[in-house]
Amino acid sequence: MVKLGRGLFLILRIVCYLALVVVVGSVVALMSAMSFGGCMQSGDSIACASSLLQVAANTASNTLLIASFTLVPLLLALGGIFFLIQALVRTLRHSEGADL
């Protein structure tokens, strides 16, 4: 039973990390397309000069809209941030103990 709990916890951590990567990647892709790619917001949509940038901006925009309306990816991404902070604290404590 303990192994099953550890396995499910590992799966939860992986899903949270993936959600964090997707949400942060979407924000970075949208901001870089708007800043450097020649894309601009026209009303409710985004218009880009290149078709590749248009697809990237639309995908990032749709991902962020889904994340903000359903809140599931955002909650999972917050879980990913929590797990990253927890791992960082654990690593700092472990390295602090090794220096003594």
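Can you find, within the stretch 57-70, the residue that is surrounded by the most Cβ atoms within 10 Å (Cβ to Cβ) among those that are among the β-branched types (Val, Ile, Thr) and closer than 26 Å to Phe36 by Cα?
Among them, the one singled out is Thr63.
Looking at Ser50, is it of a type in the set (Gly, Ala, Ser) and free of Cβ contacts under 8 Å to residues at least 12 places away in the same chain?
Against the criterion (of a type in the set (Gly, Ala, Ser) and free of Cβ contacts under 8 Å to residues at least 12 places away in the same chain), Ser50 does not qualify.
Just give me the residues in the stretch 30-42 being surrounded by 13 or more Cβ atoms within 10 Å (Cβ to Cβ) and either part of a helix (DSSP H, G or I) or in contact (Cβ under 8 Å) with a residue 60 or more places away in the chain (or both), in sequence order.
Answer for the stretch 30-42, where residues must be surrounded by 13 or more Cβ atoms within 10 Å (Cβ to Cβ) and either part of a helix (DSSP H, G or I) or in contact (Cβ under 8 Å) with a residue 60 or more places away in the chain (or both): Leu30, Ser32, Ala33, Met34.
From the residues in the stretch 71-100 that are closer than 20 Å to Ile11 by Cβ and of a type outside the set (A, V, I, L, M), which one is surrounded by the most Cβ atoms within 10 Å (Cβ to Cβ)?
Here the answer is Gly80.
Is it the case that the stretch 43-56 has a residue that's closer than 30 Å to Ala87 by Cα and surrounded by 14 or more Cβ atoms within 10 Å (Cβ to Cβ)?
No, every residue in the stretch 43-56 fails to be closer than 30 Å to Ala87 by Cα and surrounded by 14 or more Cβ atoms within 10 Å (Cβ to Cβ).
Can you find even one residue in the stretch 41-63 that is at pLDDT 90 or above and hydrophobic (A, V, I, L, M, F, W, C)?
Yes, the stretch 41-63 has at least one match.
The values are calculated or read from the model by the stated rules, or taken from the named source; none is laboratory data. What you see is a predicted model, and the numbers here were worked out from it, not measured in a lab. Because the Cβ atoms are built from the backbone with ideal geometry, glycine has one as well, and the counts that use them run over all protein chains shown.
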